[in-house]
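Structure, as structure tokens:
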Amino acid sequence: MGHRAKNKQPAPEPLKENASPKKLGKRKADNVEEKSTRPTKKAKDQLQKSKKAAKPSQKKASGADAWEDVDDDIDMKAQARSLFDDSDGEDGAFVGDLDEFDVEGDEPLRGPVQTLDFDTDEEEPEVLGKTKKSKQIERPSKIIPTGSDSDSDDSDSDSDGPITMANMEARSKALDAAAAAEAELDLEEMQAAAFDEDDEDFEMDDDDEEVEAGDVFHLPSAEEREEEKKNGGPDVHAVQRRMRQIVRVLGKFSKRAEKGRSRSEHIEQLVSDIASYYGYNDFLAEKLFQLFPVAEAIEFFEANEVPRPVTIRTNTLRTRRRDLAQALINRGVNLEPIGKWTNVGLQVFESSVPIGATPEYLAGHYMLQAASSFLPVIALAPQPQERVLDMASAPGGKTTHIAALLQNTGVVFANDTNKARTKSLSANVHRLGCKNVVVCSYDGREFPKVMGGFDRVLLDAPCSGTGVISKDTSVKVNKSERDFTLLAHLQKQLILCAIDSVSPDSKTGGYLVYSTCSVTVDENEAVVDYALRKRPNVKLVDTGLEFGREGYTKYRGKVFNPSLNLTRRFYPHVHNMDGFYVAKFKVEKRGKKTQETSTDRMDVEMEDASGTNADEKGEPIAFNDEEDKPYLEEAARRRMKAKGLRPPPRTTVKTAA
Ligand SMILES: C[S@@+](CC[C@H](N)C(=O)[O-])C[C@H]1O[C@@H](n2cnc3c(N)ncnc32)[C@H](O)[C@@H]1O
């Protein structure tokens, strides 16, 4: 475990009244004797922006989406019976205005994709080094509470008193202010810790003065690193300092680097320090590091140390958002709408009751669900009366959202290969009152043989979970190159089956949404690009999500279909959401020509779970070109191993995509 990770506090407790979430920066300060210095000027600029960043405490989940799981042992009927005993009763005589919760369309969505709205006024934050962090930095409004309304009357913000509609706004603002102040402190510490010396460092970008010989950062040689290792590795301060110094050197390499040392040597040291500081295995640290410019990579790793906001999705089959908000406020829950981009989401700041066990929760009025999980369903935009397949659906956060958008009409086939997980899926389906859901348990690769002709398909694919590291830190150490290879292979198989399950004749739909809670290119753009190449009858279309970064069209020497820019990436450090990826396809009829083209390439079997061939519409689905060889070989080796045979040595080099 890395230095940074070692200092991490234990899993946050369930939300408690007035429980102020302890900040990582403070943990670091508490645990480590650090020189406290003022942040750099650019860091200060970021502090201004960070006033918008609140970090409510969050119940720790054991897995990427485990917080959507329910306790299967709960006696739902008994719970439901006692449900309204004290909720929504007369004592809920609210004075105040719930208009904020009563956005137009609080009813189940109909019609076209929702229009997303976000703060366009938001300045682009700058990287800690020289250049702008991103051309596409943007945050959905309100997912991060703003401190901008500080002109309000805070007199009602006494956090000891009961929350009423009258004082809710003031208290919410007071909390925002407190959170913003804490976030400011936190960011200050974070910046100070990681980049804690020389305010001038990041101000020197345009300064052409030669660096004094004595100031040149000395990159340890291989021998020195060996020696360092023998002595148990450098301490946390030294690692922090070195990371900061390397980021600075890389910002202006020709001026600042030690003579005779290469850029790649510096990067190698930085990645190694990141791995030890944040507690990643070297392979994953490098893989994630490569996704971003140097300074932004540090922000990504830092964001993974901080829990994301607790958010819930109103179940419009059972209630309206304003009514839910009212009921929860009555119970001492401090919340506000997530933002204009969703009319069903609420962000929970504080609660005097466990948010996963309120009567409203048990009655299915809401789902505890990460904000990022709303996105693929918004992109899918299911329409009433449609037939929808949710190919990998447990524990059902997205299934139940789809069911609600269908207004309990049509049908959702909620499939998951893992039978055990379908228990919590079924429990959620029942709890949320979804009457149009059929739960089934097939390997997704058996579709469309099992059933096809869907108006829309969601493939929320099994993935590495590199977008949800703040929830499941085990990802930091338990993912190897082999895992990524195998996952990408499975995702490629699943996406073709998902495409083939969509009816191109659908009058209202004909869409597939592919999503993952991972940020790696192998699991996202490479899979989507593969699908475009294998299925000439599909094309990418706009997701309808108006925030999120564009997907890569080129990455480390790989060139993808230019339409990959229509796909969307979401990041913890940019959007204060779990890392996520969303792509939307339109499936069209196969022309004679395209049929030939695709069948030409499909003369080899595709394994399904049982090792038999998938054969849809008489066409064998296959992987037979060069890029599939390693996968096929890997699969053959696995089969042999499963039979107790020793596989021959590999003949192909493993690739990650
Ligand atoms: C990211 S989770 C899905 C989360 C779910 N969509 C939700 O919103 O609650 C991926 C799911 O894929 C399932 N899975 C893994 N391999 C599969 C396969 N071959 N076919 C179908 N489902 C699979 C896993 O059991 C897991 O539940």
Worksheet item: Taking neighbour counts of Cβ atoms within 10 Å as a proxy for exposure, in what order, fewest first, do PHE580, PHE253 appear?
Response: PHE253, PHE580
Worksheet item: How much net charge surrounds HIS365 when only other residues with a Cβ under 9 Å from its Cβ are counted (Lys, Arg +1; Asp, Glu -1)?
Response: -1
Item to complete: Using the charge dipole of the range 288-383 (Lys, Arg: +1 at Cβ; Asp, Glu: -1 at Cβ; taken about the Cα centre), state which of GLY339, ALA327, ILE378 has its Cα farthest towards the positive end.
Response: ALA327
Practice prompt. Please tell me which of these pairs span more than 27 angstrom C-alpha to C-alpha: LYS419/LYS449; LYS230/LYS255; LYS558/LYS586; LYS476/LYS584; LYS419/LYS643?
Written response: LYS230/LYS255; LYS476/LYS584
Practice prompt. Arrange MET577, MET243, MET640 by Cβ neighbour counts within 10 Å, fewest through most, would you?
Written response: MET640, MET243, MET577
Worksheet, complete the sentence: Checked the range 237-280 against the a/c 1.5 cut and the a/b vs b/c comparison, axes a ≥ b ≥ c from its Cα gyration tensor; verdict prolate
Item to complete: Can you tell me which of 491-499, 256-264 comes out highest on packing, and rank the rest after it, using the mean Cβ neighbours within 10 Å?
Response: 491-499, 256-264
Discussion item. How big is the dipole moment of the range 385-481 about its Cα centre under a simple scheme where the beta carbon of each Lys and Arg is +1, that of each Asp and Glu is -1, and everything else is neutral? Debye, nearest 20, please.
Written reply: 260
Practice prompt. Would you please give the residues with an amide H less than 5 Å from that of LYS539, counting only those at least 5 places away or on a separate chain, with H modeled from the backbone geometry?
Written response: LYS586, GLU588
Worksheet item: Among HIS401, HIS489, which comes first, then next, by fewest other beta-carbon atoms within 10 Å?
Response: HIS489, HIS401
Worksheet item: Which of the peptides 507-514, 364-371, 410-417 is most tightly packed, and how do the rest follow, going by the mean number of other Cβ atoms within 10 Å of each residue?
Response: 364-371, 410-417, 507-514
Worksheet, complete the sentence: Output ordering of 302-314, 217-229, 430-442 (per-residue mean of other Cβ within 10 Å, highest first) is 302-314, 430-442, 217-229
Response to the item:
A student applying the Cα gyration tensor rule (rounded when a/c is under 1.5; otherwise prolate if a/b is larger than b/c, oblate if not) would label the range 348-437 prolate
Item to complete: Classify the range 417-535 as rounded, prolate or oblate, taking a ≥ b ≥ c as the square roots of the eigenvalues of its Cα gyration tensor: rounded when a/c is under 1.5, otherwise prolate if a/b is larger than b/c and oblate if not.
Response: oblate
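Coordinate-derived values only; no laboratory data. What you are looking at is a predicted structure, and each value in this text was computed from that prediction instead of being measured. Ideal geometry is used to build each Cβ from the backbone, glycine not excepted, and the neighbour counts take in all protein chains shown.
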